[in-house]
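The values are calculated or read from the model by the stated rules, or taken from the named source; none is laboratory data. Note that the coordinates shown come from a computational prediction; the quantities given were computed from them, not determined experimentally. Because the Cβ atoms are built from the backbone with ideal geometry, glycine has one as well, and the counts that use them run over all protein chains shown.
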Amino acid sequence: MDQDEAVYKIGDLAEEFGVTLRTLRFYEDKGLLKPTRVGVTRLFTRRDRARLKLILLGKRVGFSLTEVKRMIDLYDPRGKNVAQLKVALTKGEAQMRVLEDQRGSIQTAIEELERTIEVVRGMLAESE
């Protein structure tokens, strides 16, 4: 680790991103984060911080940790990352279709529930 590089302790990242220490250790166990150790202290780099940001974004939009790891692992700091960008685009477009389908199903369920609530309210009003 470069001496001038910013480092973060596990608690710093947990607080910044609103995750638990256990979550960060889990991501480390899965090979998603690779902190260095000084004694029992885990030190994370800016690279780890960026990876954590991508992990959480991926999870938020519905990717599995395996998918997130595959996309992150394609990163090449010396290249243009065309392979990584193509995979991210393909997976992103596919996930967008999944989420749009889910949104449609949720909207239908909301409309049906609204109608049912109105019917129940009417029945209740008649019986009071």
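None of R46, R103, R70, R51 is under 21 Å from the mean Cα position of the chain (by Cα) and at pLDDT 95 or above except R103. Applying the condition of being surrounded by 13 or more Cβ atoms within 10 Å (Cβ to Cβ) and free of Cβ contacts under 8 Å to residues at least 24 places away in the same chain to the stretch 23-33 and asking which residue is nearest to R103 (Cα to Cα) yields T23.
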